Amino acid sequence: MGINESLAWIVAFLIVTVAVSAAARRVGWSAPLALVAIGVAVSYVPGVPRVDVEPDFVLSVLLPPLLFAAALQTSLADVRARRESLVLLSVGLVAFTTLTIGFTVWAVVPTVTLAAAFAFGAVVAPTDAVAVTAVTRRAPLPRLLASVLDGESLLNDATALVALNTAVLAIVANFDPVRAAGEFVLAVVGGIGVGLLVAFAMGAVRRRISAPVLDTSLSLVTPYVAFLLAHTIGASGPLAVVVAGLFLGYRSPVLQSAEARLAESLNWRTIQFLLENAVFLLIGLALPAILRGALKSGIPLLSAVGIVVTVLAVLVLSRLGWSFAITAIYHWGPRRLRRRSWQWRLNMPITVAGVRGVVTLAAVFLLPQETPHREFLQFLAFVVVVGTLLIGLTLPWVVRKVALPPPDLDQERMEIQLLLAEAHAESLELIGRIGSEEYEDRVLERVRAEAALLGETFVGDDQVRAERADAYGELRMRTIAEERRAILSARAEGRYAETTVRTVLRVLDIEEAAVRAVLPESSS
């Protein structure tokens with residue numbers, strides 16, 4: 001296939017992704033499910049090239065930006081607040097699922113070794129950040145539940161991939177538990193260390209960059225720098241990307257200009273939209289080829305259906321049982337945990353939202369060629385992805401059935417107003433300290449009134465108006481900086497929800513960008 005032909009197929013792929021996603025949103029369908037269905041249908045059209053999933057491409061090219069985009073939007077404060085539950089889900093549940101699915105596959109799939117079964121268990125164990133977001137955005141979830149699900153899907157990839165590597169070694173060589181434990185420690189500790197190192201280094205550079213284009217360009221390479229550096233030392237690349245994204249997202253108000261933050265947010269939202277939807281279309285395009293391979297595995301159709309149903313049932317029940325176990329620990333465990341307990345009725349939504357995606361899709365192709373029934377296990381992994389996605393689509397119905405309270409939007413709006421008022425009070429105090437010695441009374445009153453500079457004229461000749469406009473812009477920038485300092489102080493004290501803090505910071509960014517746009521170059 002020539003370069004022009006390949007480029008034409010890539011362009012067509014992106015156009016179909018955008019068109020199907022837009023159409024699905026317009027009619028209220030699930031965009032991921034529609035993309036999978038369209039992918040399967042298109043794969044049978046004559047002339048459409050066969051799509052093969054390259055695991056290195058998915059894990060090294062697609063996964064880092066997807067994880068980074070999700071991490072930038074995830075609250076580090078929420079991750080810290082729920083660290084116990086996230087460890088139990090991202091490490092404990094992955095290990096438990098690997099074992100339960102491993103023993104199940106070993107029991108129901110003929111001639112599959114225990115090592116190969118555990119490898120498959122590790123493949124389907126982690127939930128996927130992209131797929132989880134795709135289903136949770138359709139349901140009005142409480143902030144607690146949404147933060148737990150987002151954090152779990154971001155952090156569990158490292159555990160699953162380490163478990164997979166260990167099982168693959170057991171397939172092709174002798175299993176060494178000491179070596180496996182050492183690899184796990186290196187993957188986790190090294191991934192966290194590399195992520196922090198990259199976040200610190202990139203943050204130091206971005207402090208000195210004022211041009212939004214340069215800042216955004218640096219942001220685009222950050223996930224790959226973290227991933228490649230971690231991979232070089234044998235650490236977890238996905239974990240390094242997530243840690244770097246969490247800390248850079250949290251520190252962005254003091255590292256970047258307002259214009260850079262707004263540009264970065266829009267760019268990453270666009271990249272995330274294209275990649276996460278393209279992944280589902282890729283699943284659909286690759287599924288028929290995987291199905292043909294599964295049919296050649298020699299497993300009878302009736303037995304194959306029974307295996308699929310059994311594995312999906314065990315997967316769901318494993319998650320449900322572990323979720324109830326965590327709830328029990330919170331209710332009857334140490335007092336420190338009891339203060340953070342959640343309600344029993346959260347367990348069903350947590351179970352339903354356990355959607356698998358791109359990591360499972362790529363990881364199953366890492367199984368060695370000598371793995372018994374490798375093609376059937378690949379097909380089984382695809383069915384798990386699609387099956388959990390279908391189960392995840394029932395999340396809005398489950399939320400209604402268990403009577404979960406939706407987010408209190410009125411309360412959130414009130415908190416936004418309170419935080420804005422608190423920040424504004426700090427800026428007024430700054431104006432009071434400045435007095436009329438530095439600025440004219442008219443300029444001070446202009447800022448006090450919070451009127452917009454754009455389109456406004458001051459009384460006087462052109463030179464006087466220009467001087468006052470410049471003075472207004474300069475003073476407003478100083479007051480915005482004071483307001484941002486007050487907001488970050490309130491965040492550090494934990495007095496407002498992270499969603500409230502981010503909303504108010506975005507309001508300030510928009511205003512600062514508008515004011516800076518009309519300031520002289522020397523002032524901005």
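The values are calculated or read from the model by the stated rules, or taken from the named source; none is laboratory data. Just so we're clear, the structure is a prediction, and the values are computed from it rather than from any experiment. All Cβ positions, even for glycine, are placed from backbone atoms using ideal geometry, and neighbour counts span all protein chains on display. With ligands, DNA and RNA removed, areas are computed over all heavy atoms of the protein, side chains included. Shrake-Rupley method; radii C 1.70, N 1.55, O 1.52, S 1.80 Å.
Data overview
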read-out	value
Exposure of GLU370 as accessible area (Å², to 10), given a probe of 1.4 Å and all protein chains	110 Å²
Contour excess over end-to-end distance, with Cα ends at VAL254 and LEU317 and 0.36 nm allotted per residue	18.2 nm
Over region 1-118: Kirkwood hydrodynamic radius from C-alpha pairwise inverse distances, Å	18.7 Å
For TYR250, net neighbour charge (Lys/Arg +1, Asp/Glu -1) across residues whose Cβ lies under 12 Å away	+2
Relative contact order (%) - criterion: Cα under 8 Å, at least six apart; region: region 77-229	23 percent
Per residue, the convex hull volume that the Cα atoms of region 177-257 enclose (Å³)	65 Å³
Cα long-axis angle, helix 31-43 against the chain (0 to 90 degrees, to the nearest 10)	50 degrees
Magnitude of the charge dipole, the chain, Cβ model with Lys/Arg +1 and Asp/Glu -1, debye to 20	1920 debye
Qualifying trypsin sites (Lys or Arg not before Pro) for region 304-364 [loop in DSSP, other Cβ within 10 Å: at most 10]	ARG339
Solvent exposure ordering (accessible area, 1.4 Å, most first) of HIS373, HIS331, HIS231	HIS231, HIS331, HIS373
Two-site FRET efficiency, VAL45 against ARG269, from Cβ-Cβ distance with R₀ of 30 Å, rounded to 0.05	0.45
Using alpha-carbon coordinates, inclination of helix 462-492 to the longest axis of the chain, degrees	50 degrees
Accessible surface, 1.4 Å probe, highest first, among residues ARG83, ARG208	ARG208, ARG83
Computed over the chain, the ratio Rg/Rh where both radii use C-alpha atoms and Rh is Kirkwood	1.03
Solvent-accessible surface ranking, highest first, for MET202, MET414 at 1.4 angstrom	MET414, MET202
For the chain: relative contact order, % (alpha-carbon pairs under 8 angstrom, 6 or more apart)	21 percent
Value at 222 nm in deg cm²/dmol, rounded to 500, when DSSP H runs of n ≥ 4 in the chain each add -39,500 (n - 2.57)	-25000 deg cm²/dmol
Counted charge near SER318, where neighbours are those whose Cβ lies closer than 15 Å (Asp, Glu -1; Lys, Arg +1)	+1
Extension gain (nm, one decimal) between ARG345 and VAL213, 0.36 nm per residue minus Cα-Cα	42.9 nm
Spacing of the two label points (7 Å from each Cα toward its C-beta) at ARG83 and VAL18, in nm	4.3 nm
Excluding exposed DSSP-loop chymotrypsin sites (Phe, Trp or Tyr not before Pro) (at most 13 other C-beta within 10 Å), longest clean stretch of the chain	176-524
